[in-house]
Every structure is written in structure tokens, then in C-alpha cells.
Amino acid sequence: MWRRIIAGLCAIACVFAVAACGSAGDAGKIRIGIKFDQPGLGFKKSGTYVGFDVDVAKYIAKKLGYSEDQIVWKEAPSKQREAMLQNGDVDMILATYSITDERKNAVSFAGPYFVAGQDLMVRKDDTSIKGPNDLNGKRLCSVTGSTSAATVKEKFASEVQLMEQPGYAECATALFSGIVDAVTTDDIILAGLAAASRGRLRVVGKPFTQERYGVGIKKGDTKLATKINKAIADMIRDGSWERAVQDNTQGAHYTPNPKFNPPDPTEGEK
Ligand code: GLU
């Protein structure tokens, strides 16, 4: 009997020791959720992280007092973003994360720091899809938990067949192999994937939504949101934002919509 109790207590102590180790390792660090598979935005490249979201995240982290080696990068797939913030797995998320009222029930946002638009990507020589009005009978791929998939279900449910994948890279593969006719998500994401496709895929270029990218944070942390918004405003003012856009869209034939970019990051505070 006693032996069992002692063994049980030991097991509990062990779990705490491991947990303590985990948090000690992260002490003085900031954990940031990004995409790992979106070229030009959040991309893991032989152990380093590159892209526009990564550059904005580094700039914000610096303004919050963290150097680059104090950043712990975590993969934040579209479907898991709210849960990751709610569970405290990450301190903030910069992962092409659109600000929406529905998501605001679960998390809070700073920003926007960028405005994209939902678009379509097709195989290079497919001329049958010129915009969202040509989707009748087509097979589309998008990502579970994204606004892109939600918009398709809302606006085109009766005319298209939607295949959902965990990430857009998987959708691009499905498009190459002819399993679907088009991939749909934000134009800037598609531009990066098309650029990485060696000419095999192209973006249609008829955006039909506004996707305001926010910095996801724990619900209600208005103090942090204000600090982040100041950092974004600085980044725009000192030219770093423009440089980050240029650096990360080079060769992708992408220009941000000048009507909405650069956005006013304090828009939500007003
Ligand atoms: N910006 C859209 C969203 O937040 C699509 C891109 C993504 O899945 O990250 O859902």
C-alpha cells in the first residue's frame, strides 16, 4: 500500500521536475508561432526561419526587449492557432493570421500589420479560371481552420468541391498532380508558392476578400497589444516594413494592395 503511494508521489514529482525544466529552458525567452511551410512569409529553411512574418516578429520582439536568440519559434498551423494561444504554448502568433470577429471570441489581436486578399492559384496553362466567377464544377483545395476555406463554404459551397489540407504546401502538391483545379488562400501566400513552383503554378490575380493580418495574443492582453501596435507603427515609419516586404516578395511578382498597405496598426484601438 505505502509502496504504491510513494511510487505515485514520485511519479508526480517527476512530472513537475520535467515541467520545471521546460519552463526554465524558456525563461527569458519569447515563444512566437509562425508558419514553417509558407515561402516568403514563414518558412523553415535548414534550421533557420525566414519570411515577412518572421521579420515583423523579430522587429516586435526587439521592441519588447528580446534579442533574436531569445526567440523560440513554434509552428502554428492554421487550425491550431487559437488553441496554442489559449493553452499558453506561445506568447504571440504571426502566421498570416486574419483578424476576424469569430477569432476574437477566443484570442485578441494587435495590428493589422499587413492586408492581403483571398485569391486563386492554378496550373500555368489552365485558362479556364480567370476569377472567383469561374469556379462552377471545379475542385478547390484550401486549409482547415482558415478564413479561405470558410469563405469557400460560405460563398461557393453549391458550385465547388472543397478539399481541405493541413497546410497550403499540401494543396500545391494536389494542384501539381491534378487532384484539384485550384488552390485558394491569400494572394501573398499563393505568390510565394507559385514562385517556388518553377513556373508550374500561377496566381490568378483577382482578390475577392480583405485579409487583415494581426498579431494573435492571449485574449484580453490590451497592454501587450498597445506595445505591439507601437512597434508595428515604428516599423512602418522607419522604413523596415517596406524593406521587409521588398526582401520577402522578391521574384514573386507580388505588390501589396496600396489601397490598404501599409495599414494603420492602431486602427483597432480607435
Ligand atoms: N489569412 C487567412 C487565415 O487567417 C488564410 C491564411 C492562413 O490560413 O494562415 O485563415
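Near Val245: Cβ cut-off under 12 Å, other residues only, Lys/Arg at +1 and Asp/Glu at -1. The net charge is -3. Residues considered: Gly145, Gly51, Gly111. Largest GNM mean-square fluctuation over the chain, using C-alpha springs under 10 Å, is found at Gly145. For the chain, the mean residue ellipticity at 222 nm estimated from helices alone is -11000 deg cm²/dmol, where every DSSP H run of n ≥ 4 contributes -39500 (n - 2.57) and the total is divided by all residues, rounded to the nearest 500.
Count the net charge of all other residues whose Cβ sits under 10 Å from the Cβ of Tyr213, scoring Lys and Arg as +1 and Asp and Glu as -1. Numbers along the way, then the final one.
Details: positive: Arg212; negative: Asp53, Asp186, Glu211.
Combined, the nearby Lys, Arg, Asp and Glu give -2.
Extension gain for Gln86 to Ala157 (0.36 nm times residue separation, less C-alpha to C-alpha distance): 22.5 nm. Ignoring aspartates and glutamates fewer than eight residues from Lys153 along the same chain, the ones with Cα atoms less than 14 angstrom from its Cα are Glu164.
Distance cut-off 22 Å, Cα to Cα: go down the list Lys35/Lys62; Lys62/Lys259; Lys218/Lys259; Lys44/Lys227; Lys63/Lys218; Lys227/Lys270 and report the pairs above it. Kindly include the intermediate steps, with their values, before the conclusion.
Details: Lys35/Lys62 20 Å; Lys62/Lys259 29 Å; Lys218/Lys259 30 Å; Lys44/Lys227 27 Å; Lys63/Lys218 19 Å; Lys227/Lys270 15 Å.
From the list (Lys35/Lys62; Lys62/Lys259; Lys218/Lys259; Lys44/Lys227; Lys63/Lys218; Lys227/Lys270), the Cα-Cα distance tops 22 Å for Lys62/Lys259; Lys218/Lys259; Lys44/Lys227.
Here's the picture: charge each Lys and Arg Cβ at +1 and each Asp and Glu Cβ at -1 in segment 77-133, and of Val107, Gly88, Gly131 the one pushed furthest to the positive end of that dipole is Gly131. The alpha carbons of segment 170-270 give a radius of gyration and a Dmax of 16.6, 48 Å, in that order. Filter the cross-link list Lys58/Lys230; Lys58/Lys223; Lys29/Lys230; Lys124/Lys206; Lys45/Lys230; Lys29/Lys219 down to pairs whose alpha-carbon distance in this structure exceeds 23 Å. As for pairs spanning more than 23 Å Cα to Cα, those are Lys45/Lys230. Using a simple spin-label model with pseudo-atoms 7 Å out from Cα toward Cβ, Gln250 and Ala150 lie 3.5 nm apart. Most fluctuating residue of Val180, Val152, Val72 in a GNM of the chain with Cα springs under 10 Å: which is it? Checking each option, the largest mean-square fluctuation is seen for Val72. Over the Cα atoms of segment 70-111, compute the convex hull volume and normalise it per residue, giving Å³. Each residue corresponds to 79 Å³ of Cα convex hull volume.
Only four residue types carry charge here, +1 at the Cβ of Lys and Arg and -1 at the Cβ of Asp and Glu. Report the dipole size of the chain about the Cα centre in Debye, rounded to the nearest 20. Kindly include the intermediate steps, with their values, before the conclusion.
On the way: 36 positive and 32 negative charges, 100 e Å.
For the chain, the charge dipole is close to 480 debye.
The value obtained for segment 170-226, namely the Cα convex hull volume divided by the number of residues, is 127 Å³ per residue. Label sites at Arg123 and Lys79, each approximated as a point 7 angstrom past Cα along Cα to Cβ, lie 2.7 nm apart.
For the chain, the relative contact order is 25 percent, taking Cα pairs closer than 8 Å that sit 6 or more residues apart in sequence and dividing their mean separation by the residue count. Between Asp53, Asp26, Asp247, the residue with the greatest mean-square fluctuation in the GNM of the chain (Cα pairs under 10 Å linked by springs) is Asp26.
Note on Lys206/Lys104: beta-carbon distance plugged into 1/(1 + (r/R0)^6) with R0 of 41 Å gives a FRET efficiency of 0.90.
Computed over the chain, the percent of Cα pairs more than 30 Å apart is 33.
For a Förster distance of 22 Å, can you work out the FRET efficiency between the beta-carbons of Thr222 and Glu68, rounded to the nearest 0.05? Mind showing how you got there, number by number?
Details: r = 27 Å, r/R0 = 1.21.
It comes out at approximately 0.25.
Taken together, the values in this text are just the output of simple stated rules run on the coordinates, not laboratory data. None of these values were measured; they are calculated from a predicted model. We place every Cβ from the backbone using ideal geometry, glycine too, and count neighbours over all the protein chains shown.
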